[in-house]
1. If you average 1/r across every pair of different Cα atoms in the stretch 8-164 and take the reciprocal, what Kirkwood value do you get, in Å?
2. Too long at a 26 Å Cα-Cα cut-off: which of 51/102; 10/102; 51/158; 64/158; 10/144?
3. Taking 8 Å as the Cα distance limit and 6 or more residues as the minimum spacing, I'd like the relative contact order of the chain as a percentage.
4. For a quick check: sort 93, 163 by the number of other beta carbons within 10 angstrom, fewest at the front.
5. Taking the DSSP beta bridges in the chain as the whole, what percent of them are antiparallel, to the nearest 5?
6. Build a GNM of the chain with springs between Cα atoms under 10 Å: which of 105, 44, 16 gets the top mean-square fluctuation?
7. I'd like the Karplus ³J(HN,Hα) series for the stretch 131-138: coefficients 6.51, -1.76, 1.60, θ = phi - 60°, whole numbers in Hz, and an x wherever there's a Gly or Pro.
8. GNM on the chain, C-alpha springs below 10 Å: top fluctuator among 112, 40, 89?
Amino acid sequence: MQTINPLEIKYRDHPLPSDAAGVSAIVRSSDFFSSQEVEIAVELVRERERKGLSSGYHFLFAEKGGELSGYTCFGPVPCTLESFDLYWIAVSKSLRGLGLGKELLRRTEERIRAIGGKRLYVETSSRSQYEPTHNFYKRCGYSKAALLEHFYAPDDHKIIFLKTL
């Protein structure tokens, strides 16, 4: 299996002014998300830039050769002591399948543990196009915690995955 040379990837947790455009390009490249969903992903970056950590949004950005290659967005679940949501994880289309997503998720879990998180929740669609996504989470140690039927649309259920950190 081909992988990315870990020495080629630089990680950072603070957004830069160019990240909104980079996040938009990465999320659009998946061909999974609507234009509204892309706008939401970008808005979370901008919200973090405006409010800092008080926004409730944490990020981990991965760069290869100075270009944004992937990212995660996560944050504490309001009114809980140790639960976090993974809002986004996305990798540039040209780098998918090379282990960057797995490494981003591993590093995100480490950061969450370091700030007191014990559970990480991930929400995704049940549509068949998301089957590789479901398998990714399962390979990374997540289990299906809930299914909310017809959540997004008729026959498009919300699946909630959970990993105890």
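Where a number appears in this text, it was derived from the coordinates with a stated rule and is not lab data. Nothing here was measured: the structure is a model prediction, and the numbers come from that model. We place every Cβ from the backbone using ideal geometry, glycine too, and count neighbours over all the protein chains shown.
1. Value: 16.0 Å, from the Cα pair sum.
2. 51/102; 51/158; 64/158; 10/144
3. Relative contact order here is 18 percent.
4. 93, 163
5. 90 percent
6. It is 16.
7. After applying 6.51 cos²θ - 1.76 cosθ + 1.60, I find 4, x, 5, 4, 5, 4, 5, 4 Hz.
8. Its mean-square fluctuation being the largest, the pick is 40.
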